[in-house]
Every structure is written in C-alpha cells, then in structure tokens.
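Below is one structure; the comments refer to it alone.
The values are calculated or read from the model by the stated rules, or taken from the named source; none is laboratory data. Computed from a predicted structure; not experimentally measured. All Cβ positions, glycine included, derive from the backbone under ideal geometry; neighbour counts span all protein chains shown.
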Ligand code: UD2
C-alpha cells in the first residue's frame with residue numbers, strides 16, 4: 001500500500017492518469033490503485049520502473065495526449081482525469097517551443113475538451129515556473145506571473161484554461177502548481193532535477209556540480225506530498241482554483257549539495273560551474289491557500305526525504 005493517508009482521495013472511481021508512466025504519474029497510480037480502476041495514457045517517453053504499477057487494476061494505453069480519438073475514448077470512461085503528461089524540460093522548451101507548446105498546451109486542451117463533453121473532473125499539473133522571478137517571498141497564488149521560459153508560459157496558459165473551463169463550461173478543474181518535486185524513481189540525466197543529479201554524482205564519487213555560487217534557492221517538495229495534494233484535489237469542492245504545492249521551506253543549492261555530500265558514502269567534492277542562464281534566484285511557496293482549502297499539509301522535510309533516498 002502506498003504510504004499516504006488512506007482517508008483522502010477518490011474511492012471506487014474510474015481514473016485516467018495521463019503520463020502515468022512518468023515520475024509523478026507512476027507514484028500517483030500506485031497511490032490510487034488499491035481503491036480505484038486506473039487507466040494510464042502514456043507515450044512511453046519517460047518510462048518508470050515497472051514495480052511502480054499495481055498489476056491487477058492498471059491498464060496502460062500507449063498513445064499521444066494530442067490524439068483526439070484516443071483521448072475522447074478514454075476520458076469518456078473516466079470520473080477523474082489526472083493530467084500529468086507533459087514535456088517537462090525547461091531547456092527543451094527554450095530550444096524548441098513549438099514542440100513543447102504542442103504537447104503541453106494542445107495536449108491539455110484536448111483533455112479539457114474531452115472532459116467538457118463527458119463531464120469528468122480534471123486535476124492538472126501546473127508549475128511554479130509560471131511566476132518567473134519572485135518579487136516577494138513566499139510566493140502565494142496571487143503573485144504576479146512573469147514566466148521566463150516557453151515552459152512557464154505553457155503552464156500558465158493551461159492554468160488559465162483550467163479556470164476558464166470551469167467558469168465557461170462547468171468542468172470541475174483544479175490546477176496544482178508544483179514547486180521542485182523530488183523523490184524515488186526520478187529519472188537521472190541532464191534534464192532531471194538537481195536532487196537526482198547530485199545524488200548520481202555523489203554515488204559516482206563526485207564531484208557535485210553547483211551552478212554559480214549556490215546561493216539560489218528552491219522549495220523542494222517530496223513526491224509523496226505532491227500525491228497527497230493530487231488526492232485532495234480529486235475530491236475538493238474548491239474547483240476552478242489553482243494551488244501551490246510546495247513546503248514553504250527555502251533551501252539553497254549549496255546547502256542541498258552539502259546535505260547530499262554528508263549523506264554520501266563516497267566523500268564527493270563540491271565544485272562550482274558557471275551559473276545557469278536565466279536561472280531563478282529564489283523560490284519558496286506560500287501554501288496557506290492549499291492548506292486552508294485543500295487541507296494539504298506537507299509531511300516530509302528535505303533532510304528526511306534525502307536520507308530516505310540514499
Ligand atoms: C524546476 C523544474 C521545472 C520547472 C521549474 C519552475 C525540474 C527538473 N525542473 O526547474 O520543470 O517546474 O522548476 O521554475 O524539477 N543546479 C545545479 N547543478 C546541477 C543542476 C542544477 O547547481 O547539476 C541548480 C540549477 O542551476 C538551479 C537549481 O539547481 O538553480 C534547480 O535546478 P533544476 O533543474 O532542478 O530545477 P529548476 O528550478 O530550474
């Protein structure tokens with residue numbers, strides 16, 4: 001059984017998880033599987049370990065989230081759609097915005113349209129990338145949105161579409177603005193999150209590569225808490241809303257590197273490389289709204305989350 005409170009989330013529902021083989025989607029399926037019927041729509045672009053799936057009740061459909069017939073057919077049978085399918089790399093969006101726009105915006109619109117027709121609820125993955133550089137910290141949901149990448153603009157667009165589909169067509173939508181998500185089975189590689197990159201580096205004996213002076217900060221949220229937010233969003237009456245999903249704790253990249261260094265068996269060195277172009281200086285979520293309206297409470301502090309990954 002997946003380790004989230006058993007008294008939250010949908011029960012006996014037909015659930016569609018787009019991107020269900022990816023990092024967050026596969027954790028979500030694992031949490032939902034014991035009490036719901038799950039269908040995954042995934043193009044296989046981010047394969048997750050097979051043991052994440054519940055063997056009896058999860059059906060995997062290999063397909064593209066932009067495919068009208070496939071999406072319509074699957075949404076028709078779903079009470080709830082968790083829309084996690086996305087091109088998640090900010091870098092790729094900068095290199096090829098038409099490609100990422102197509103998946104991230106047109107794919108989402110396809111899901112919303114099908115839900116409009118069939119009356120399904122949609123919980124979708126938005127991002128803190130919509131805020132751009134913060135003017136004030138912590139960042140609440142009414143903070144100005146000034147995305148710094150096509151990815152951020154695409155997520156802002158779908159965040160707005162979610163609200164619009166609720167306002168115009170009564171589709172019950174909830175947009176979850178994920179901060180920096182980490183946890184078991186996050187894939188490595190150059191497009192991966194900094195925690196899995198640092199861990200891979202530490203495993204190999206280092207060095208741990210801090211870009212710039214490491215003074216830049218992030219709000220790292222464990223995937224299990226992200227799943228908790230999704231389960232709460234699936235049953236909330238507060239539809240047509242967007243919610244931050246973070247922890248409210250700000251951690252610098254240098255502090256993170258040192259924490260991973262401390263946990264490592266290999267005594268890796270920390271080195272500094274050039275700062276990343278357009279990097280966000282500081283990020284930290286205000287989770288008051290998520291807490292008040294969804295009942296969301298993060299349960300895993302970074303220190304213990306990191307310890308459990310080693
Ligand atoms: C994250 C999300 C992105 C989007 C964005 C919102 C990931 C992978 N990306 O981008 O999808 O939601 O937040 O703003 O979760 N760093 C190093 N060394 C490394 C790799 C990274 O120092 O080897 C630094 C990097 O310069 C940055 C920080 O770590 O300051 C976080 O980088 P990231 O790529 O994990 O995530 P971010 O915040 O750019």
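Among residues of segment 127-144 that are at positive phi, those with a beta-carbon under 9 Å from a residue that is within 14 Å of the ligand (Cβ to nearest atom) at least six positions away or on a different chain give the pairs 132/145; 132/146; 132/147; 132/148; 132/149; 132/152; 132/280.
Of the residues making up segment 10-26, just one is crowded, with 24+ Cβ neighbours inside 10 Å and on the phi > 0 side of the Ramachandran plot, namely 19. When the test is whether a residue is touching a strand residue (DSSP E or B) at 6+ places or on another chain (Cβ under 7 Å) and either free of Cβ contacts under 8 Å to residues at least 12 places away in the same chain or within 16 Å of the ligand (Cβ to nearest atom) (or both), residue 168 does not pass it.
A single entry from 76, 125 fulfils the requirement of being modelled with pLDDT of 95 or more, closer than 28 Å to residue 34 by Cβ and within 16 Å of the ligand (Cβ to nearest atom): 125.
Residue 63 falls short on exactly one of the conditions (1) surrounded by 15 or more Cβ atoms within 10 Å (Cβ to Cβ); (2) at pLDDT 95 or above; (3) in contact with a helix residue (DSSP H, G or I) (Cβ under 8 Å, 6 or more places away or on another chain); (4) farther than 21 Å from residue 28 by Cβ, and that condition is (4). Looking only at residues of segment 136-153 that are over 16 Å from residue 219 (Cβ atoms) and away from the ligand (no atom under 11 Å from the Cβ), we find that the one that is surrounded by the most Cβ atoms within 10 Å (Cβ to Cβ) is 150. Here segment 166-186 is the region considered, the condition is being at pLDDT 95 or above and surrounded by fewer than 22 Cβ atoms within 10 Å (Cβ to Cβ), and the residue that is nearest to residue 123 (Cα to Cα) is 172.
Among the residues of segment 91-110, those identified as under 23 Å from residue 277 (Cβ atoms) and buried (at least 21 other Cβ atoms within 10 Å of the Cβ) are 93, 100, 104. Report, by residue number, each residue of segment 286-310 that is over 29 Å from residue 260 (Cβ atoms) and touching a residue at least 60 places away in the same chain (Cβ under 8 Å). Passing the criteria: 288, 289, 294, 295. Checked against the criteria, residue 207 counts as in contact with a strand residue (DSSP E or B) (Cβ under 7 Å, 6 or more places away or on another chain), within 30 Å of residue 304 (Cα to Cα) and surrounded by fewer than 21 Cβ atoms within 10 Å (Cβ to Cβ).
Screening the candidates 98, 59, 91, 108 for the property of being free of Cβ contacts under 8 Å to residues at least 12 places away in the same chain and on the phi < 0 side of the Ramachandran plot yields one hit, 98. Of the helices (runs of 4 or more DSSP H) that lie entirely inside segment 70-176, those containing 3 or more residues that are within 23 Å of residue 26 (Cβ to Cβ) span 90-95, 107-118, 150-169. Taken over segment 268-285, the criterion of being out of contact with any strand residue (DSSP E or B) (no Cβ under 9 Å at 6 or more places or on another chain) and either in contact (Cβ under 8 Å) with a residue 40 or more places away in the chain or crowded, with 18+ Cβ neighbours inside 10 Å (or both) is satisfied by 278 alone.
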